[in-house]
Each structure stands twice: as structure tokens, then as C-alpha cells.
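The values are calculated or read from the model by the stated rules, or taken from the named source; none is laboratory data. Quick caveat, the model's predicted, so the values are computed rather than measured. As a convention, Cβ positions derive from the backbone with ideal geometry for all residues, glycine included, and neighbour counts pool all protein chains shown.
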Amino acid sequence: MTDRQGQIQDTARGWLESGEVKYVVGFEQGRRAGTKVAFVRRPEDADKLVWNSMCVNNLTLFLVEEMQTRPGRGEELDTTPIGIVVKPCDSKTIVELMKENIVARERVKIIGVTCEGVCDTKKVDGSEKQPPAVTDENIAGKCLVCTHHNPLIADVVCGEAVPETITDDYSDVAELEAMTPQERWEYWERQLERCVRCYGCREACPLCYCEECVFDREKPYRWNEKSVQLPENTFYHLVRAMHLAGRCVDCGECERVCPVDIPIRKINRYLEWKAKERYDVEAGVDPEDDSMFGTCDTADPEDFIW
Amino acid sequence: MSHTIGKDKMDALFEALSEHEVYGPVEVDGVWTYKKLDSAPDLEFGNSQVPPKSVFFPQTETMFEFKRDGARFVGAEEPQRASKPLVVFGVRPCDAKAFTLLDKLFTWDYIDPYFVDRRERATTIALTCSGQKPDENCFCTSIEGSPSGTEGVDSLWTDLGDRYFVESVTEKGEALIELGGNLFVEAVSDDESSAEEVKENAVKAITRTFDRAEVAESLRCLFESKYWEDISASCIGCGMCTLLCPTCHCFDINDVVKQGEGRRERTWDSCQFEYYSSHASGHNPRPAKRMRQRNRMYHKFLYIDNNLGVIGCVGCGRCISACPVNIDIIDVTEGAVARACMEKDADAKGEEAA
């Protein structure tokens with residue numbers, strides 16, 4: 001871990017000294033064991049960047065923010081790249097964002113970090129003072145099914161390569177598929193009933209980058225009522241899920257941030273599974289891939305339409 | 001006079017409250033919220049994720065219903081309100097204190113009939129913090145609160161293992177004892193000292209302190225400061241800190257019209273949402289997240305204080321625990337004090353140089 005941390009700091013320092021990047025987004029130590037998002041602008045501040053089991057956020061969210069920032073009146077757009085620290089799962093987001101022309105490769109310099117898994121922050125005691133070691137008990141759910149422990153896109157890779165040993169059989173979502181529609185509906189009713197519509201899942205998702213979300217639109221008409229009730233909550237989550245089908249890279253941020261623990265990853269993983277099974281689509285792997293919804297093949301299976 | 005009630009008497013107490021609407025903490029898949037109960041309350045919990053303000057100020061509430069008559073809407077009718085007395089179990093003292101802020105707010109320039117009606121009917125039973133609470137983000141003692149505080153409380157209960165120590169704070173609290181009859185027994189001095197010990201331990205368990213002596217003063221001179229850009233840089237713009245706050249009370253009003261019928265509905269809103277401050281013209285006076293974060297702090301520590309004479313924070317720590325990017329309300333306000341000093345010094349030096 002510390003080795004990776006040193007490499008991250010050295011790379012960031014070097015880029016900031018040479019002016020190759022205007023700032024670096026990474027992690028810094030937060031209160032107690034947690035981390036905070038760091039925006040490092042001066043080479044001498046690169047020392048505050050950390051790497052540990054609590055570096056959970058997908059920071060590419062801030063890359064999207066940078067790409068969507070427009071210059072003020074009379075100002076020129078500063079296209080100097082930014083530096084960003086990414087885990088392998090986060091690096092998949094960048095690939096996906098490149099596919100969708102949201103991120104221009106030349107505007108980002110990527111510090112990719114090889115990864116053996118991070119903690120589920122909800123399983124770490126809040127009073128813990130040091131970032132704990134990743135164990136079977138506290139590991140994040142997404143890491144248990146992760147098939148990419150090495151960055152898929154990076155300018156510098158920190159850390160030794162990690163061998164891939166996991167095959168994802170989607171057994172967690174297969175359980176849901178095995179339910180009867182009635183059971184499944186009851187399961188989701190129970191989950192979605194408690195949604196508080198803070199939109200944390202949308203805001204934390206780097207692929208939810210629409211500048212005006214359909215759920216914020218009032219004109220020409222409102223698609224979803226503001227009522228925080230089961231039908232509206234369900235509609236929100238279903239629409240969001242469909243918009244992520246074939247795009248979601250399972251960075252797990254939606255589920256991590258949810259204040260009422262809705263298992264949102266289950267929805268997205270189901271779609272990921274079906275996209276792979278039916279159309280041989282895996283999001284976030286190759287920037288040259290076509291997007292699932294952007295292509296049409298007459299040989300595509302249609303057995304799910306009834 | 002104080003009493004105790006055995007934990008094995010809770011079913012009987014619930015029975016005795018059959019003429020009441022009873023609310024309390026409810027767990028679903030590990031998540032606690034306050035709901036109407038159909039059996040005795042389970043009070044073995046830390047604190048709820050969604051605060052009990054939802055009992056008096058539901059997240060979504062129908063204000064009135066109407067019908068369409070051609071091009072017009074007619075026949076606005078308020079939904080029938082329940083008239084039963086209401087009891088809320090297991091409210092943590094910080095959340096009960098927040099009720100008193102909401103009382104002031106909802107009767108300030110206009111008497112809100114929906115909120116006031118429920119509050120008047122209600123008896124609030126608070127629960128002294130013990131067990132999982134206070135936790136690492138609690139700081140009620142820094143803002144004139146206490147893990148056994150009685151502001152906004154009618155009856156204060158303290159967990160003594162197999163029974164609760166019950167102190168009646170108001171007449172409503174005394175009425176509860178009367179209604180419970182022999183379910184409550186007079187406390188003995190041992191009970192009192194045990195309860196005292198639980199209360200003292202709760203205070204000791206609080207690790208965070210918050211010096212807000214100069215917060216208001218500092219905020220006043222920081223409105224245009226770059227500070228807000230720095231602290232909001234990592235904010236992702238979700239509404240968790242406000243929706244889960246026991247004192248936040250902003251709401252949005254919408255008409256929900258389906259074919260011939262409609263209802264006017266209010267729903268919790270959040271100043272952290274970009275669309276919260278958006279005008280009908282499309283203009284948004286608070287377009288950047290630094291402005292929205294600033295507004296949250298100014299509202300809590302200046303505006304509410306100016307209007308109601310209290311600050312908009314009770315130290316429950318929910319916003320700290322829930323924030324996806326670990327923005328910490330204590331760090332932000334204490335940071336504001338430090339920044340204000342720094343900027344003042346810089347100004348003074350600038351003037352000297354000139």
C-alpha cells in the first residue's frame with residue numbers, strides 16, 4: 001500500500017512541477033480512518049496524497065465536472081489536463097466516458113493504481129483511527145466479483161500487477177432472477193419504499209452526467225412527481241437503471257453513498273449480466289468498442305420481448 | 001416523581017395506548033426510520049437514519065385535494081385529519097430538541113396547521129443515549145444539548161437493562177404515567193442513581209467538541225470568500241446532509257393532477273439541489289455548489305438564529321456520518337473561523353502596506 005502511495009505522490013509531484021497538469025485529484029487522510037477528496041495544486045502538497053483501504057470514492061466524477069466546466073464571460077477555456085488517481089474499476093469509467101465523448105483523452109493524465117480491493121466503509125467501525133486491512137468481513141461487495149485488478153487505462157501504473165483470479169458468475173443476481181415475479185416485486189417494494197430521493201446515487205455516478213436530469217425537468221412536463229412514495233421512487237430507480245444498461249462499470253458508488261442502504265448495485269449488475277450474455281457487451285474495457293444502445297444488429301436476440 | 005417500567009411491560013403499554021396513534025423507530029434491512037407501529041416499540045437501537053421530524057412533518061404530505069371542472073379546478077378539500085392523540089417512542093434528545101426549532105419555525109410568520117395539529121396531539125417519549133449512542137460523530141453537548149436533554153421532551157426514558165427509568169417532564173408526560181397505571185412503578189433511589197450513571201456515561205462517550213463562539217461573527221465577513229470554493233470542491237450535490245437533518249425544514253409544493261382529480265402536495269426539498277433556487281424564468285441565483293454549501297452554513301448558523309433565536313444544528317452528527325465525501329460540519333464551521341481571522345490579518349497588512 002505505502003509503496004503505491006509513494007509512487008502516487010512522486011508522479012503527482014512531477015506532473016505539477018513540469019506544469020503538465022493544472023491539478024491532481026486524489027485522496028487525502030480524513031478524520032479518523034476515512035479519506036477525503038484532495039485537489040492538489042502545488043507540487044509541495046503532493047505529500048498529502050494517500051493510498052489505503054479507505055480510498056473508496058470514484059474520483060472520475062470530478063473529471064466529468066472539469067470537462068463540463070465552461071469558461072466565464074471573456075475567459076478562454078483552459079484545456080491543460082488534470083491529473084487523477086484511479087482504481088482499476090474507476091479506470092473503466094474513464095474508458096466508458098471516452099466512448100461517449102465526455103472525456104477527451106488529452107485532457108486527463110491518469111495515475112492508475114493496481115488494487116486488491118477496498119473496504120466497505122459501512123462495515124468499518126466509525127471510531128477506527130487507522131485505515132484497516134481489507135478482510136473477508138469488511139471488503140466492499142464490488143471487490144468480491146471484480147475481474148479487473150489492474151487499471152485498463154493509465155499514463156502511470158502504481159503498484160505491482162495483481163493476478164486475476166475471480167470469475168464472476170453473477171450468482172448474487174441470479175438469486176433474484178430465480179424468484180417469482182411476485183417475490184421479486186415484493187423484494188424491490190421493500191427496498192425502494194425507503195428511498196428518500198436525495199439523488200445521492202445519481203450525483204455520485206460519473207456516468208449520470210446529464211447536465212439536466214430528466215427528474216429535474218419541469219418543462220414541457222414533469223415526468224416523475226416529487227412525491228416520495230413507492231410508485232415515484234420505483235420509477236426513478238427504473239429509469240436510472242435503464243439509462244445505465246450496458247454502460248455501468250460497477251464502481252459501486254451508488255450503493256456506497258445510499259443513506260438508506262438500497263442494494264442499487266443489484267439492479268445494475270443484472271443489466272450488466274444481461275448485456276454480456278445477450279450482446280457480448282462489457283462496459284469500460286475498450287474505448288474503441290461501440291456503445292450497446294448505439295448499435296443495431298439484426299441478429300440480436302429478441303427473446304425477452306414479449 | 002420518577003417511575004420505572006419493565007421492558008416486559010411494553011406490550012401491555014402498547015395495548016393501553018389503543019386509542020392513540022403510536023409511532024416509533026422501525027428497522028427494515030438494518031435501516032431505522034420512524035413509522036406508525038402496530039406492536040410494541042423496539043427501542044434497542046442507535047439512532048434512526050431518517051430523523052423523527054418525519055412524524056410531524058412527513059416527507060410527502062397532501063395539503064388538500066381538488067377536482068377538475070372543465071378548465072377550472074374546484075372543490076379544494078383538506079384531507080380529514082386524525083383526531084387521536086399521538087405518542088412517539090424512542091426519540092433521541094437531540095432530535096426532540098429539533099422539534100422545538102420546528103415549533104418556532106412552523107408558527108413564526110404563519111401557523112402551519114398540518115404540523116401544529118400533530119405536535120399538539122403528540123406526547124414525545126425521549127430515550128437517553130446509551131449502547132450504540134452517542135457515537136463518534138455526536139456533539140450535542142457543544143450546542144447546549146445533552147444525551148439526556150429534555151427540550152421538546154414530555155417523558156424521558158433511560159435504559160436500565162431490564163427496565164426503563166421514566167421521568168415526566170411535562171403534563172403530557174404525567175398523563176402517560178396515569179394512562180399506564182400499574183405498568184409504571186415508583187422509582188426507588190437505586191433506580192435514580194443507576195439512571196444518573198447511564199447519563200454520565202453518555203456524556204463521557206461524546207468525543208467531539210465544537211466551538212461555535214465565533215462562528216456567526218466569522219461567517220458574516222466570509223460571504224465573498226474563496227473559502228466556500230475550497231470546502232465545496234468535493235461536494236457532489238446530493239441532498240443527504242439536509243434531508244437527513246432533524247432541523248432542516250425546506251419543502252416544495254406541487255400539484256399532482258391525474259385526469260379529473262388532483263392534490264396539492266408538499267415534499268421535503270434541499271438547498272443542496274441545483275434546482276432548489278431555480279426561478280420560473282430559468283435564472284438561478286445560486287448556480288454554483290460553493291453558493292449552496294455557503295447557504296447551508298449561513299442558514300444554520302446565522303439566518304435561523306436571526307429569525308428564531310436558535311441555531312439550526314442539534315449535534316446529531318447525521319450529516320457527518322452520511323456525507324459521501326466526508327464533508328464535516330464541525331470542520332467547515334471551525335475552518336470558517338480560522339479563515340476569517342486569516343483574511344482579516346491579510347486585510348490589515350494590506351492596509352498597512354498601502
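All of B:348, B:340 fail the test of being crowded, with 19+ Cβ neighbours inside 10 Å, modelled with pLDDT under 95 and in a helix (DSSP H, G or I), apart from B:340. The conditions of being in contact with a Phe, Trp or Tyr (Cβ under 6 Å, 6 or more places away or on another chain), of a type in the set (Ser, Thr, Tyr) and either within 15 Å of residue B:97 (Cβ to Cβ) or not assigned by TED's automatic domain parsing to the domain that holds residue B:337 (or both) are not met by residue B:194. Put simply, of A:303, A:289, A:297 the only residue that is among the acidic types (Asp, Glu), surrounded by 15 or more Cβ atoms within 10 Å (Cβ to Cβ) and farther than 24 Å from residue A:121 by Cβ is A:289.
Output yes when any residue across the range A:72-88 is buried (at least 20 other Cβ atoms within 10 Å of the Cβ), in a helix (DSSP H, G or I), modelled with pLDDT of 95 or more and over 15 Å from the mean Cα position of the chain (by Cα), and no when none is. No, there is no match, as no residue in the range A:72-88 is buried (at least 20 other Cβ atoms within 10 Å of the Cβ), in a helix (DSSP H, G or I), modelled with pLDDT of 95 or more and over 15 Å from the mean Cα position of the chain (by Cα).
Scanning the range B:200-239 for residues being surrounded by 14 or more Cβ atoms within 10 Å (Cβ to Cβ), part of a loop (DSSP other than H, G, I, E, B) and more than 14 Å from every other protein chain (Cβ to nearest Cβ) gives a total of 5. Residues in the range A:89-116 that are free of Cβ contacts under 8 Å to residues at least 60 places away in the same chain and not in a helix (DSSP H, G or I): A:101, A:103, A:104, A:108, A:110, A:112, A:115, A:116.
Against the definition (farther than 18 Å from residue B:22 by Cβ, more than 16 Å from the chain's Cα centre (by Cα) and among the basic types (Lys, Arg)), how does residue B:163 come out, yes or no? First the steps, then the outcome.
Numbers: farther than 18 Å from residue B:22 by Cβ: yes; more than 16 Å from the chain's Cα centre (by Cα): yes; among the basic types (Lys, Arg): yes.
So residue B:163 passes the test.
If the condition is being within 14 Å of chain B (Cβ to nearest Cβ) and surrounded by fewer than 11 Cβ atoms within 10 Å (Cβ to Cβ), then the range A:42-71 contributes A:42, A:68, A:69, A:70.
For the range B:263-291, the set of residues classified as farther than 19 Å from residue B:246 by Cα and in contact with a Lys or Arg (Cβ under 6 Å, 6 or more places away or on another chain) consists of B:277, B:286, listed by residue number. Would you check if residue A:283 is assigned to a loop (DSSP other than H, G, I, E, B), of a type in the set (A, V, I, L, M) and surrounded by fewer than 17 Cβ atoms within 10 Å (Cβ to Cβ)? When the stated conditions are applied, residue A:283 does not pass them.
Checked against the criterion of being within 26 Å of residue B:211 (Cβ to Cβ) and within 14 Å of chain A (Cβ to nearest Cβ), the candidates B:331, B:347 yield just one match: B:331. For the range A:230-243, indicate whether the set of residues that are within 13 Å of chain B (Cβ to nearest Cβ), without any contact (Cβ under 8 Å) to a residue 40 or more places away in the chain and not aromatic (Phe, Trp, Tyr) is non-empty. Yes, the range A:230-243 contains at least one residue that is within 13 Å of chain B (Cβ to nearest Cβ), without any contact (Cβ under 8 Å) to a residue 40 or more places away in the chain and not aromatic (Phe, Trp, Tyr). Hey, any hits in the range B:5-28 for a residue that's within 14 Å of chain A (Cβ to nearest Cβ), over 17 Å from the mean Cα position of the chain (by Cα) and surrounded by fewer than 16 Cβ atoms within 10 Å (Cβ to Cβ)? Within the range B:5-28 (the criterion being within 14 Å of chain A (Cβ to nearest Cβ), over 17 Å from the mean Cα position of the chain (by Cα) and surrounded by fewer than 16 Cβ atoms within 10 Å (Cβ to Cβ)), the answer is yes, since at least one residue qualifies. The strands (runs of 3 or more DSSP E) found entirely in the range B:88-179 include none that carry 1 or more residues being within 14 Å of chain A (Cβ to nearest Cβ). Residues in the range B:252-281 that are under 19 Å from the mean Cα position of the chain (by Cα) and part of a strand (DSSP E or B) were compared, and the one that is farthest from the other protein chains (Cβ to nearest Cβ) is B:266.
Any idea how many residues of the range B:51-85 are among the aromatic types (Phe, Trp, Tyr) and part of a strand (DSSP E or B)? Let's see the steps before the verdict.
Taking the range B:51-85 and keeping what is among the aromatic types (Phe, Trp, Tyr), we get B:56-57, B:64, B:66, B:73.
Now narrow it down to the ones that are part of a strand (DSSP E or B): B:64, B:66, B:73.
Total satisfying the criteria: 3.
With the requirement that a residue be of a type in the set (D, E, K, R) and surrounded by 20 or more Cβ atoms within 10 Å (Cβ to Cβ), what does the range B:319-335 give you?
If we filter the range B:319-335 for residues that are of a type in the set (D, E, K, R), which is where we start, we get B:328, B:331, B:334.
Across the range B:319-335, the qualifying residue is only B:328.
Taking the criterion of being assigned to a helix (DSSP H, G or I) and out of contact with any strand residue (DSSP E or B) (no Cβ under 8 Å at 6 or more places or on another chain), would at least one residue in the range A:50-61 satisfy it? Among the residues of the range A:50-61, at least one is assigned to a helix (DSSP H, G or I) and out of contact with any strand residue (DSSP E or B) (no Cβ under 8 Å at 6 or more places or on another chain), which makes the answer yes. When each of B:96, B:82 is tested for being among the small types (Gly, Ala, Ser) and modelled with pLDDT under 95, the lone residue that passes is B:82.
Inspect all residues belonging to the range A:171-193 and state whether any of them is surrounded by 15 or more Cβ atoms within 10 Å (Cβ to Cβ), closer than 21 Å to residue A:65 by Cβ and within 14 Å of chain B (Cβ to nearest Cβ). Among the residues of the range A:171-193, not one is surrounded by 15 or more Cβ atoms within 10 Å (Cβ to Cβ), closer than 21 Å to residue A:65 by Cβ and within 14 Å of chain B (Cβ to nearest Cβ), which makes the answer no.
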